[in-house]
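These notes are about the structure you will find just below.
The values are calculated or read from the model by the stated rules, or taken from the named source; none is laboratory data. None of these values were measured; they are calculated from a predicted model. Here the Cβ positions follow ideal geometry from the backbone for every residue, glycine too, while neighbour counts run over all protein chains shown. SASA here: full protein model, heavy atoms, side chains in, ligands and nucleic acids out. Shrake-Rupley method; radii C 1.70, N 1.55, O 1.52, S 1.80 Å.
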Amino acid sequence: MCEHIEDFHRTVLMLGALALYANTPGADDAFIDAIGPSLAASLPEPPPGMFPPGYDPADGPDYPRGS
(Lines give C-alpha, C1' and ligand atoms only; values in the text may rest on other atoms or scores of the structure.)
Protein backbone atom coordinates (compact mmCIF):
# COMPACT_ATOMS: atom_id res chain seq x y z
CA MET A 1 0.00 0.00 0.00
CA CYS A 2 1.29 3.44 -0.87
CA GLU A 3 2.61 5.48 2.07
CA HIS A 4 0.25 8.34 1.13
CA ILE A 5 -2.77 6.03 1.40
CA GLU A 6 -1.53 4.63 4.71
CA ASP A 7 -1.13 8.16 6.10
CA PHE A 8 -4.66 9.06 5.02
CA HIS A 9 -6.20 5.94 6.57
CA ARG A 10 -4.18 6.30 9.78
CA THR A 11 -5.28 9.92 10.19
CA VAL A 12 -8.94 9.06 9.52
CA LEU A 13 -8.72 6.29 12.15
CA MET A 14 -7.25 8.74 14.68
CA LEU A 15 -10.03 11.25 13.97
CA GLY A 16 -12.59 8.49 14.50
CA ALA A 17 -10.96 7.43 17.77
CA LEU A 18 -10.97 11.05 18.93
CA ALA A 19 -14.68 11.34 18.07
CA LEU A 20 -15.41 8.23 20.13
CA TYR A 21 -13.32 9.56 23.01
CA ALA A 22 -15.16 12.89 22.86
CA ASN A 23 -18.40 11.03 23.64
CA THR A 24 -17.08 9.20 26.69
CA PRO A 25 -17.91 10.39 30.21
CA GLY A 26 -15.11 12.52 31.61
CA ALA A 27 -13.46 13.20 28.24
CA ASP A 28 -10.94 16.04 28.39
CA ASP A 29 -12.50 18.82 26.31
CA ALA A 30 -9.26 20.86 26.22
CA PHE A 31 -7.42 17.87 24.75
CA ILE A 32 -10.15 17.31 22.17
CA ASP A 33 -10.19 21.01 21.22
CA ALA A 34 -6.40 21.01 20.81
CA ILE A 35 -5.96 17.71 18.99
CA GLY A 36 -9.04 17.67 16.72
CA PRO A 37 -8.12 20.65 14.54
CA SER A 38 -4.48 19.51 14.38
CA LEU A 39 -5.47 16.06 13.15
CA ALA A 40 -7.92 17.51 10.64
CA ALA A 41 -5.29 19.93 9.32
CA SER A 42 -2.78 17.09 8.93
CA LEU A 43 -5.19 14.99 6.88
CA PRO A 44 -3.50 14.44 3.50
CA GLU A 45 -5.33 14.52 0.19
CA PRO A 46 -7.59 11.48 -0.20
CA PRO A 47 -6.22 8.64 -2.29
CA PRO A 48 -7.20 8.54 -5.96
CA GLY A 49 -10.52 6.83 -6.56
CA MET A 50 -11.94 7.60 -3.12
CA PHE A 51 -14.50 10.01 -4.56
CA PRO A 52 -16.34 9.82 -7.90
CA PRO A 53 -14.98 11.80 -10.88
CA GLY A 54 -15.98 15.46 -10.75
CA TYR A 55 -16.75 15.36 -7.00
CA ASP A 56 -16.30 18.77 -5.39
CA PRO A 57 -16.31 18.69 -1.58
CA ALA A 58 -16.98 22.45 -1.52
CA ASP A 59 -20.15 22.01 -3.59
CA GLY A 60 -23.12 21.45 -1.33
CA PRO A 61 -25.42 23.09 1.16
CA ASP A 62 -24.16 25.66 3.63
CA TYR A 63 -24.26 24.31 7.15
CA PRO A 64 -24.50 26.53 10.21
CA ARG A 65 -21.22 26.69 12.09
CA GLY A 66 -21.20 25.69 15.72
CA SER A 67 -19.75 28.05 18.27
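Mind listing whichever residues of segment 21-59 are of a type in the set (A, V, I, L, M), modelled with pLDDT of 85 or more, surrounded by 10 or more Cβ atoms within 10 Å (Cβ to Cβ) and over 10 Å from the mean Cα position of the chain (by Cα)?
Ala22, Ala27, Ile32, Ala34, Ile35
Could you list, ordered by first residue, the pairs with Cβ atoms under 8 Å in which the first is in segment 39-67 and more than 16 Å from Leu13 (Cα to Cα) and the second is modelled with pLDDT under 80 and open to solvent by 90 Å² or more (accessible area, probe 1.4 Å), at least 6 apart or interchain?
Final answer for the pair search is Phe51/Pro57.
Among residues belonging to segment 1-20 that are of a type in the set (A, V, I, L, M) and farther than 16 Å from Gly49 by Cβ, point out the one that is least open to solvent (accessible area, probe 1.4 Å).
Restricting attention to segment 1-20, the residues satisfying the condition of being of a type in the set (A, V, I, L, M) are 1, 5, 12-15, 17-20.
Then drop every residue that is not farther than 16 Å from Gly49 by Cβ, which leaves 13-15, 17-20.
Values: Leu13: 128, Met14: 89, Leu15: 49, Ala17: 58, Leu18: 20, Ala19: 53, Leu20: 129 Å².
So the residue we want is Leu18.
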